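S.K.: Please read through the structure below; I'll follow up with questions.
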Amino acid sequence: MNITKQLKAIRAMAGITQKELAARADVTQKQISFIEGGKDCCISTIRRLLNEMGYDIVAVPIEQKEGGNSGE
């Protein structure tokens, strides 16, 4: 599961709407919608959203994109 899907799942488990999270994290609901829809965004925004829900980005596992360079 990629980070944007994880963010959506965490928000849903917390019972928080996009609008509520947007207000708490000082971003727009549209930004959250774009992020959860897989659009590009700043990692700092994802970090802020996760922090507002009590998560540290380091604790959220991230999958490598298909075809990505594993460094090997």
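The values are calculated or read from the model by the stated rules, or taken from the named source; none is laboratory data. None of the values given here were measured: they were computed from a predicted structure. Heads up, the Cβs are rebuilt from the backbone with ideal geometry, glycines too, and the neighbour counts pull from every protein chain shown.
S.K.: How many residues are at pLDDT 70 or above and either among the acidic types (D, E) or assigned to a loop (DSSP other than H, G, I, E, B) (or both) if we restrict to segment 41-72? Give the steps one after another, and end with the answer.
M.R.: Initially, segment 41-72 is screened for residues at pLDDT 70 or above, giving 41-58.
Among the residues that remain, those that are also either among the acidic types (D, E) or assigned to a loop (DSSP other than H, G, I, E, B) (or both) are: 41-42, 52-56.
Matching residues across segment 41-72 total 7.
S.K.: Follow-up question, since we're still on this one. Looking at G38 and the list (1) part of a helix (DSSP H, G or I); (2) at pLDDT 85 or above, which single condition is not satisfied?
M.R.: For G38, the exception is condition (1).
S.K.: Assess whether I16 counts as being surrounded by 14 or more Cβ atoms within 10 Å (Cβ to Cβ), more than 19 Å from N2 (Cβ to Cβ) and modelled with pLDDT of 95 or more. Write out each step before concluding.
M.R.: Numbers: surrounded by 14 or more Cβ atoms within 10 Å (Cβ to Cβ): yes; more than 19 Å from N2 (Cβ to Cβ): yes; modelled with pLDDT of 95 or more: yes.
So I16 passes the test.
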